[in-house]
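The values are calculated or read from the model by the stated rules, or taken from the named source; none is laboratory data. This one's a predicted model, so the numbers in the text were calculated from it and none came from an experiment. Note that we place each Cβ from the backbone using ideal geometry, even for glycine, and neighbour counts take in every protein chain shown. Side chains included, ligands, DNA and RNA excluded: accessible areas come from the protein's heavy atoms. Shrake-Rupley method; radii C 1.70, N 1.55, O 1.52, S 1.80 Å.
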Amino acid sequence: MCGIVGYIGFRDAFSVLIKGLHRLEYRGYDSAGIAVIEDGIVGFKKSGKVSDLEKVCEQHIFRSRIGIGHTRWATHGAPIDCNSHPHYSENGKLAIVHNGIIENYHSIKEALLLKGHTFSSDTDTEVLIHLIDEIKTKTNLDLQDAVRAALRKVVGAYAILVLDEDNPGRLIAARKGSPLVIGVGNNEYFVASDATPIAEYTRNIIYLNDNDVACVNYDGLSIVNLNNIVQVPFIHELELQIDILEKGGYPHFMLKEIFEQPRSIRDCMRGRLYPDEGRIALGGIKIYEDFLKKVNRIIIVSCGSSWHAGLVGEYLIEKYARVSVEVEYASEFRYRHPVIDQHDLVIAISQSGETADTLAAIELAKKCGATVFGICNVVGSSIARNTDAGIYTHAGPEIGVASTKAFTAQVTIITMFAFYMAQLKQTISKNHLKEHLAELNLLPELVELCLHCDDKVKKIAEKIKSSNNCIFLGRGSAFPVALEGALKLKEISYIHAEGYPAAEMKHGPIALIDEDMPVVFIATNHSSYEKVISNIQEVKARKGVVIAIVSESDTQVNKIADYIIEIPEISEFLVPTLASIPLQLLAYHIAVSRGCNVDQPRNLAKSVTVE
Ligand code: F6R
């Protein structure tokens, strides 16, 4: 949650910071602020969007080469001006922006109150900058050491940037549990929560590690850890392409990302799928092949849409590789004393690679001796770096808060992993595997075909946009797709939606069905086709409005459903990916027609780095 950005160099710092905040706005959009050093520190902050902050800054003529900025997703304190970042020391000489939570802020605050400090916000962050100031003033420590000393007293997660008007050529950056990257340019440095504000200036990136405290000057940088041991930075080359961070003519990032899926799925399979040889190669986990041949329990941990991708994995891995799979919400797993040991494989799925609960679940699994793999989208993210091995989804940056292309990339990876395991364990015949991989290889083209339903889906969206509730039903591996369809709809259109296994409908949800209830079925002609048709009949008998996703060759559902959306004729293992496409479009068009901000839905943020 929250995005932070910093700059030191020869450019106009204000412009770099504002542009950076726009790039980071998907991480939080309750309020925003900046601070730069001119003769002294000059700061502005405002509840609302980055564009609201820009209006507040309009009257000021900026002339600074160093500064910090923040876009907020509120945790401690309501999203009002005084709780927005930056926060300042009492004398106004120090400024801080922070992403994360200082868990022991209350006790630190009490101690500082006793020393006479007064506070002007309800935030944990303000407490931290007062603590840094207290230490710096009382001990005469240099700025980097004072920050280090303060952070040693802190329990919690943070990525921070600190400015000091007495040290106008320095930016201090530190992280623990929240991401922070430094972009190294020619005589200029950029620091940000992720690489999106940096990509247009430099391809040289340093990922800070937990406990790193960096001092960035105009002409160089040095990094120590909390114990003052010098850390040698490693410069990575950034692959991120700038055009992917723009809307490219689409009205919203979400729509752009939905239409990007043929490309993102192709990128995700590139170098991994060899249909002619009937073989999958997953380079990132290759050295674990012997372990994988023996493993007989896999636990998938994740949250939200990534959890739905994990559920798809449960169906496919068990079916094709005959290995038992459990799928857990990371937030529950971490606290429920799970029984796991060194024989188990734990797979963490995460788009951002920064989700706090998923990170904690990984730590627990590692402590218990399990081997831990990550399936992440963001390269160099904390989850990617804290797991034993992994598979990147390569979907490219996802800016829309509702996951679309990252979800289908996760499903594609987990599908490849299921076949990879089946190949290793020889639970599938060579011919069968070859046939399936040949079909998997066509997935980008099939998704392309699916996207042709856009106009039709838009018309259906118009018909049901005023509903207050909606039910999504599917069976087998289409059940997680129903969950995902419901999540997409509720998060961006604020319509209450529930996903259920179709057969479970009779155990409660059927009571909700009347002429005002749209029910979306995934009713392709696969293993449960006849049974799903019976479920549709049950809904129709109660006057529910049925929208059904069907196979092109469907002959039965189209006679009873109110609306049908056809997807190409495919094997069942491809249904989760293909059926997701019309559901994403349905949620998108309903939300747009209700006037909702689809890229930045209320109360949500892209990356949940707090518990
Ligand atoms: C829904 C959505 C969220 C995320 C969840 C996990 O559209 O995006 O439910 O899937 O917050 O995030 P990651 O995958 O980054 O761990």
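So here's what we get for this one:
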| read-out | value |
| --- | --- |
| Mean ellipticity per residue at 222 nm, deg cm²/dmol - from DSSP H runs of n ≥ 4 across the chain, formula -39500 (n - 2.57) | -11000 deg cm²/dmol |
| Mean accessible surface per residue for the stretch 40-131, computed with a 1.4 Å probe while every protein chain stays in place, in Å² | 42 Å² |
| Euclidean distance between Cα centres, the stretch 439-486 to the stretch 98-147, Å | 50 Å |
| Those trypsin sites (Lys or Arg not before Pro) in the stretch 145-200 that DSSP places in a loop and that have at most 15 other beta carbons within 10 Å | LYS153 |
| Cβ charges +1 (Lys, Arg) and -1 (Asp, Glu), total dipole of the chain, debye | 520 debye |
| Under 23 Å from LYS430, Cα to Cα: lysines that are on another chain or at least 8 residues apart | LYS286, LYS293, LYS294, LYS319 |
| DSSP bridge orientation in the stretch 247-441 - percent antiparallel, rounded to nearest 5 | 10 percent |
| In nm, spacing of pseudo-spin labels at HIS496 and GLU326 (7 Å Cα→C-beta vector) | 3.3 nm |
| Separation between Cα centres of the stretch 272-316 and the stretch 550-565, rounded to whole Å | 33 Å |
| The chain: angle of helix 105-114 to the longest principal axis, Cα-based, in degrees nearest 10 | 20 degrees |
| Under the Debye formula (equal points on every Cα, no solvent term), log10 I(q)/I(0) of the chain at q = 0.05, 0.08, 0.12 Å⁻¹ | -0.23, -0.59, -1.18 |
| Accessible surface ranking that places the most exposed of ASP514, ASP166, ASP145 first, with a 1.4 angstrom probe | ASP166, ASP514, ASP145 |
| Accessible area per residue, Å², the stretch 449-597 with all protein chains present, probe 1.4 Å | 38 Å² |
| Solvent accessible area, Å² - ILE362, 1.4 Å probe, full protein context | 0 Å² |
| DSSP-defined antiparallel bridges as percent of all bridges, the chain, nearest 5 | 60 percent |
| Mean Cα-pair separation over length for the chain, i.e. relative contact order, pairs under 8 Å, 6 or more apart, % | 12 percent |
| Positive-end residue, the chain charge dipole about Cα centroid, Cβ charges, pick of SER31, PRO576, GLY48 | PRO576 |
| Cross-link partners of LYS247 among aspartates and glutamates (Cα-Cα below 13 Å; sequence separation of 8 or more within a chain) | GLU257, GLU260, GLU398, ASP599 |
| Net dipole in debye of the stretch 154-230 [+1 Lys, Arg Cβ; -1 Asp, Glu Cβ; about Cα centre; nearest 20] | 240 debye |
| Stretch gain in nm, segment GLU277-HIS106, where the contour uses 0.36 nm per residue and the Cα spacing is subtracted | 55.5 nm |
| Helix 13-24 axis, angle to the chain major axis (alpha carbon atoms, nearest 10°) | 20 degrees |
| Surrounding net charge for ALA360, when Lys and Arg each add one and Asp and Glu each subtract one, Cβ distance under 10 Å | -2 |
| Loop chymotrypsin sites (Phe, Trp or Tyr not before Pro), the stretch 233-286, which have at most 11 other Cβ atoms in a 10 Å radius of their Cβ (DSSP) | PHE234 |
| Relative packing of peptides 205-212, 60-67 - highest average C-beta neighbours within 10 Å first | 205-212, 60-67 |
| Separation between Cα centres of the stretch 47-67 and the stretch 337-398, rounded to whole Å | 38 Å |
| The stretch 247-441: C-alpha gyration tensor shape, a/c 1.5 cut-off, then a/b vs b/c | oblate |
| Given charges at Cβ of Lys, Arg, Asp, Glu: the chain dipole, positive-most of LEU489, PHE10, ILE102 | LEU489 |
| Cross-link table LYS19/LYS606; LYS256/LYS606; LYS93/LYS138; LYS458/LYS506; LYS458/LYS490; LYS19/LYS153, entries beyond 26 Å C-alpha to C-alpha | LYS458/LYS506; LYS19/LYS153 |
| Protein accessible area in the chain, 1.4 Å probe - carbon and sulfur % | 49 percent |
| Dipole of the chain, positive end: most advanced residue of HIS436, GLY116, MET517 [Cβ charges, Cα centre] | HIS436 |
| Relative contact order for the stretch 435-589, counting Cα pairs under 8 Å that sit 6 or more residues apart, in percent | 29 percent |
| Degrees, to the nearest 10: 575-593 long Cα axis against longest axis of the chain | 60 degrees |
| Heavy atoms of SER527: accessible area, 1.4 Å probe, square angstrom to 10 | 90 Å² |
| Within-9-Å neighbourhood charge of GLY396 [Cβ basis; K, R +1; D, E -1] | -2 |
| Reachable aspartates and glutamates from LYS434, criterion Cα separation under 15 angstrom, eight or more residues apart if same chain | ASP276, GLU277 |
